[in-house]
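S.K.: Would you mind keeping the following structure in view while I ask a few things?
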Amino acid sequence: MTKGIALLLAAGSLAALSAPAAAQDTGFSGPWVAGVAGYDKNKAGSSQPDGSNPDRERSADGIVYGAAVGYDVDLGTMVIGAEAELTDSTADSDYADPFTNFGLGTVDAGRDIYVGARAGLKTGPGTMIYAKGGYTNARFNYVGGDGTTNYDQNLDTDGWRVGAGVEQKLGTNLVGKLEYRYSNYRKGEIDFEAAGIADSDRFDIDTDRHQIMAGVGLRF
(Lines give C-alpha, C1' and ligand atoms only; values in the text may rest on other atoms or scores of the structure.)
Protein backbone atom coordinates (compact mmCIF):
# COMPACT_ATOMS: atom_id res chain seq x y z
CA MET A 1 0.00 0.00 0.00
CA THR A 2 2.92 2.38 0.77
CA LYS A 3 4.25 1.94 -2.76
CA GLY A 4 0.79 2.68 -4.20
CA ILE A 5 0.51 5.92 -2.21
CA ALA A 6 4.00 6.97 -3.32
CA LEU A 7 3.05 6.41 -6.95
CA LEU A 8 -0.06 8.53 -6.57
CA LEU A 9 1.82 11.37 -4.88
CA ALA A 10 4.48 11.32 -7.58
CA ALA A 11 1.85 11.47 -10.33
CA GLY A 12 0.08 14.37 -8.63
CA SER A 13 3.32 16.31 -8.23
CA LEU A 14 4.22 15.75 -11.89
CA ALA A 15 0.81 17.02 -13.03
CA ALA A 16 1.10 20.15 -10.88
CA LEU A 17 4.61 21.00 -12.06
CA SER A 18 3.79 20.40 -15.71
CA ALA A 19 0.39 22.10 -15.92
CA PRO A 20 1.70 25.25 -17.73
CA ALA A 21 2.96 23.11 -20.59
CA ALA A 22 -0.53 21.77 -21.20
CA ALA A 23 -1.57 25.09 -22.72
CA GLN A 24 0.27 24.05 -25.88
CA ASP A 25 -2.55 21.68 -26.86
CA THR A 26 -5.85 21.32 -25.01
CA GLY A 27 -7.43 18.68 -27.29
CA PHE A 28 -8.14 15.08 -26.33
CA SER A 29 -8.79 13.46 -29.72
CA GLY A 30 -7.13 10.37 -31.14
CA PRO A 31 -5.41 7.19 -29.94
CA TRP A 32 -3.38 6.93 -26.75
CA VAL A 33 -1.30 4.45 -24.74
CA ALA A 34 -0.42 4.59 -21.04
CA GLY A 35 1.38 2.75 -18.29
CA VAL A 36 -0.69 2.44 -15.10
CA ALA A 37 0.02 1.43 -11.49
CA GLY A 38 -1.60 1.78 -8.09
CA TYR A 39 -3.17 0.20 -5.02
CA ASP A 40 -5.31 -2.94 -5.30
CA LYS A 41 -7.75 -4.22 -2.62
CA ASN A 42 -9.85 -7.39 -3.06
CA LYS A 43 -12.43 -8.57 -0.54
CA ALA A 44 -15.77 -10.31 -0.10
CA GLY A 45 -18.86 -8.61 -1.47
CA SER A 46 -21.92 -7.71 0.57
CA SER A 47 -23.52 -11.15 0.19
CA GLN A 48 -20.45 -13.00 1.55
CA PRO A 49 -19.68 -11.71 5.09
CA ASP A 50 -20.24 -14.10 7.98
CA GLY A 51 -20.51 -12.44 11.40
CA SER A 52 -19.47 -15.66 13.14
CA ASN A 53 -16.22 -15.81 11.18
CA PRO A 54 -14.41 -12.45 10.95
CA ASP A 55 -11.67 -13.98 8.82
CA ARG A 56 -14.09 -13.85 5.89
CA GLU A 57 -13.69 -10.10 6.12
CA ARG A 58 -9.97 -10.16 5.39
CA SER A 59 -8.77 -8.70 2.12
CA ALA A 60 -6.02 -9.35 -0.42
CA ASP A 61 -4.04 -6.14 -0.90
CA GLY A 62 -1.13 -5.23 -3.15
CA ILE A 63 0.17 -3.24 -6.12
CA VAL A 64 -1.54 -3.40 -9.51
CA TYR A 65 0.41 -2.51 -12.67
CA GLY A 66 0.01 -2.76 -16.42
CA ALA A 67 -0.81 -0.94 -19.64
CA ALA A 68 -3.85 0.64 -21.28
CA VAL A 69 -4.80 1.79 -24.78
CA GLY A 70 -7.72 3.83 -26.02
CA TYR A 71 -9.23 6.19 -28.53
CA ASP A 72 -11.04 9.46 -27.73
CA VAL A 73 -13.23 11.83 -29.71
CA ASP A 74 -13.13 15.48 -28.59
CA LEU A 75 -16.58 17.09 -28.99
CA GLY A 76 -15.58 20.51 -27.69
CA THR A 77 -16.40 20.68 -24.00
CA MET A 78 -17.00 16.90 -23.81
CA VAL A 79 -14.87 13.89 -24.71
CA ILE A 80 -16.06 10.32 -25.36
CA GLY A 81 -13.92 7.29 -25.94
CA ALA A 82 -13.20 3.58 -25.63
CA GLU A 83 -10.36 1.89 -23.75
CA ALA A 84 -8.83 -1.48 -22.96
CA GLU A 85 -6.42 -2.46 -20.19
CA LEU A 86 -4.29 -5.42 -19.17
CA THR A 87 -2.91 -5.50 -15.61
CA ASP A 88 -1.35 -7.87 -13.10
CA SER A 89 -1.30 -7.60 -9.30
CA THR A 90 0.80 -8.51 -6.29
CA ALA A 91 -2.31 -8.74 -4.05
CA ASP A 92 -2.55 -11.94 -2.03
CA SER A 93 -4.19 -13.35 1.09
CA ASP A 94 -2.48 -15.25 3.88
CA TYR A 95 -5.35 -16.71 5.93
CA ALA A 96 -4.50 -20.30 6.86
CA ASP A 97 -7.93 -21.86 6.14
CA PRO A 98 -8.14 -21.97 2.32
CA PHE A 99 -11.89 -22.51 2.13
CA THR A 100 -13.29 -19.48 3.92
CA ASN A 101 -11.13 -16.47 3.00
CA PHE A 102 -13.25 -13.51 1.80
CA GLY A 103 -15.77 -15.73 0.04
CA LEU A 104 -13.40 -17.40 -2.45
CA GLY A 105 -10.63 -19.33 -0.72
CA THR A 106 -6.93 -18.52 -0.43
CA VAL A 107 -6.11 -16.42 -3.49
CA ASP A 108 -3.37 -14.47 -5.22
CA ALA A 109 -4.69 -11.89 -7.67
CA GLY A 110 -3.52 -12.42 -11.23
CA ARG A 111 -4.10 -10.82 -14.62
CA ASP A 112 -7.11 -8.61 -15.27
CA ILE A 113 -8.55 -7.75 -18.70
CA TYR A 114 -10.80 -4.69 -18.96
CA VAL A 115 -12.69 -3.19 -21.92
CA GLY A 116 -15.03 -0.25 -21.58
CA ALA A 117 -15.98 3.32 -22.42
CA ARG A 118 -15.54 6.69 -20.79
CA ALA A 119 -17.03 10.17 -21.04
CA GLY A 120 -15.24 13.31 -19.93
CA LEU A 121 -15.79 17.01 -19.36
CA LYS A 122 -13.00 19.50 -20.04
CA THR A 123 -12.69 21.77 -17.00
CA GLY A 124 -9.63 23.84 -17.92
CA PRO A 125 -6.69 24.06 -20.32
CA GLY A 126 -5.62 20.48 -20.94
CA THR A 127 -7.69 19.15 -18.01
CA MET A 128 -10.51 16.60 -18.21
CA ILE A 129 -12.58 14.86 -15.53
CA TYR A 130 -14.20 11.63 -16.63
CA ALA A 131 -16.38 8.68 -15.66
CA LYS A 132 -15.85 5.17 -17.01
CA GLY A 133 -17.48 1.76 -17.06
CA GLY A 134 -17.22 -1.64 -18.70
CA TYR A 135 -16.49 -5.36 -18.49
CA THR A 136 -13.67 -6.93 -16.49
CA ASN A 137 -12.36 -10.50 -16.46
CA ALA A 138 -9.99 -11.17 -13.56
CA ARG A 139 -7.99 -14.29 -12.76
CA PHE A 140 -7.19 -15.42 -9.23
CA ASN A 141 -4.68 -18.16 -8.37
CA TYR A 142 -6.99 -20.16 -6.16
CA VAL A 143 -7.10 -22.83 -3.48
CA GLY A 144 -10.70 -23.52 -2.46
CA GLY A 145 -13.90 -25.20 -3.55
CA ASP A 146 -17.22 -24.74 -5.27
CA GLY A 147 -19.18 -26.52 -2.51
CA THR A 148 -18.55 -30.00 -3.90
CA THR A 149 -14.91 -30.28 -5.00
CA ASN A 150 -11.72 -28.70 -3.68
CA TYR A 151 -9.29 -27.21 -6.18
CA ASP A 152 -5.80 -25.76 -6.53
CA GLN A 153 -6.25 -24.01 -9.87
CA ASN A 154 -6.88 -20.68 -11.53
CA LEU A 155 -10.25 -19.06 -10.92
CA ASP A 156 -11.51 -16.93 -13.83
CA THR A 157 -14.16 -14.37 -12.88
CA ASP A 158 -16.50 -12.10 -14.85
CA GLY A 159 -17.71 -8.74 -13.62
CA TRP A 160 -18.25 -5.06 -14.25
CA ARG A 161 -16.28 -1.92 -13.41
CA VAL A 162 -17.11 1.74 -12.85
CA GLY A 163 -14.75 4.57 -12.02
CA ALA A 164 -13.91 8.25 -12.22
CA GLY A 165 -10.74 10.25 -12.64
CA VAL A 166 -8.91 13.29 -13.91
CA GLU A 167 -6.56 13.52 -16.88
CA GLN A 168 -4.07 16.35 -17.41
CA LYS A 169 -2.10 17.12 -20.54
CA LEU A 170 1.56 17.58 -19.56
CA GLY A 171 2.78 18.65 -22.99
CA THR A 172 1.92 18.27 -26.66
CA ASN A 173 1.70 14.47 -26.42
CA LEU A 174 2.35 13.55 -22.77
CA VAL A 175 -0.60 13.05 -20.38
CA GLY A 176 -1.00 12.02 -16.74
CA LYS A 177 -4.08 10.69 -14.99
CA LEU A 178 -5.34 9.71 -11.56
CA GLU A 179 -8.47 7.61 -11.01
CA TYR A 180 -10.47 5.46 -8.61
CA ARG A 181 -12.41 2.42 -9.82
CA TYR A 182 -14.63 -0.23 -8.29
CA SER A 183 -15.16 -3.71 -9.75
CA ASN A 184 -17.57 -6.46 -8.75
CA TYR A 185 -17.29 -10.08 -9.86
CA ARG A 186 -20.45 -12.26 -9.84
CA LYS A 187 -19.52 -15.39 -11.82
CA GLY A 188 -16.52 -17.68 -11.65
CA GLU A 189 -15.20 -20.89 -13.14
CA ILE A 190 -12.20 -23.09 -12.36
CA ASP A 191 -9.70 -23.05 -15.22
CA PHE A 192 -8.25 -26.50 -15.98
CA GLU A 193 -6.46 -25.37 -19.15
CA ALA A 194 -3.07 -26.54 -17.88
CA ALA A 195 -4.48 -30.03 -17.30
CA GLY A 196 -6.00 -30.18 -20.78
CA ILE A 197 -9.59 -30.70 -19.58
CA ALA A 198 -12.72 -28.59 -19.70
CA ASP A 199 -13.30 -25.78 -17.22
CA SER A 200 -15.74 -26.25 -14.35
CA ASP A 201 -19.35 -25.11 -14.57
CA ARG A 202 -19.81 -21.43 -13.80
CA PHE A 203 -20.87 -20.70 -10.23
CA ASP A 204 -21.96 -17.62 -8.30
CA ILE A 205 -19.44 -15.50 -6.38
CA ASP A 206 -19.45 -11.99 -4.94
CA THR A 207 -16.07 -10.28 -4.81
CA ASP A 208 -15.36 -6.54 -4.61
CA ARG A 209 -12.26 -4.83 -5.94
CA HIS A 210 -11.16 -1.27 -5.13
CA GLN A 211 -8.25 0.35 -6.96
CA ILE A 212 -6.57 3.77 -6.91
CA MET A 213 -4.54 4.20 -10.08
CA ALA A 214 -2.05 6.65 -11.55
CA GLY A 215 -0.94 6.63 -15.17
CA VAL A 216 1.38 8.37 -17.62
CA GLY A 217 0.81 8.06 -21.35
CA LEU A 218 1.22 9.40 -24.86
CA ARG A 219 -1.40 10.71 -27.28
CA PHE A 220 -0.82 10.37 -31.02
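S.K.: Read through the list (1) surrounded by fewer than 17 Cβ atoms within 10 Å (Cβ to Cβ); (2) modelled with pLDDT under 90, then give the number of the only condition that Asn137 fails.
M.R.: Looking at each condition in turn, Asn137 falls short on (2).
S.K.: While we're looking at this one, here's another question. Of the conditions (1) modelled with pLDDT under 95; (2) surrounded by 13 or more Cβ atoms within 10 Å (Cβ to Cβ), Ser52 satisfies every one except a single condition; which number is it?
M.R.: (2) is the only condition that Ser52 fails.
S.K.: Please specify each residue of the range 68-79 satisfying the condition of being surrounded by 15 or more Cβ atoms within 10 Å (Cβ to Cβ) and hydrophobic (A, V, I, L, M, F, W, C).
M.R.: Ala68, Val79
S.K.: Here's another thing I want to ask about it. As an exercise: evaluate Asp152 against (1) at pLDDT below 95; (2) among the charged types (D, E, K, R); (3) crowded, with 22+ Cβ neighbours inside 10 Å and give the number of the one condition it does not meet.
M.R.: Tallying (1) at pLDDT below 95; (2) among the charged types (D, E, K, R); (3) crowded, with 22+ Cβ neighbours inside 10 Å, Asp152 fails exactly one: (3).
S.K.: Next question, about the same structure. Give the residue that is modelled with the lowest pLDDT, with candidates limited to residues of the range 99-127 that are over 20 Å from the mean Cα position of the chain (by Cα) and farther than 17 Å from Gly188 by Cα.
M.R.: Ranking the qualifying residues of the range 99-127, first place goes to Pro125.
S.K.: Could you look through the range 84-94, keep only residues that are surrounded by fewer than 19 Cβ atoms within 10 Å (Cβ to Cβ) and modelled with pLDDT of 95 or more, and pick out the one that is farthest from Gly133 (Cα to Cα)?
M.R.: Asp88
S.K.: Then there is this: Restricting to the range 74-90, name every residue that is assigned to a strand (DSSP E or B) and of a type in the set (Ser, Thr, Tyr).
M.R.: Thr87, Ser89, listed by residue number.
S.K.: Out of (1) over 18 Å from Ser29 (Cβ atoms); (2) surrounded by 20 or more Cβ atoms within 10 Å (Cβ to Cβ); (3) at pLDDT below 95, what's the single condition that is false for Gly147?
M.R.: Of everything listed in (1) over 18 Å from Ser29 (Cβ atoms); (2) surrounded by 20 or more Cβ atoms within 10 Å (Cβ to Cβ); (3) at pLDDT below 95, Gly147 misses just condition (2).
The values are calculated or read from the model by the stated rules, or taken from the named source; none is laboratory data. Not measured: the values here are computed from a predicted model. Please note: Cβ atoms are built from the backbone with ideal geometry, for glycine as well, and neighbour counts cover all protein chains shown.
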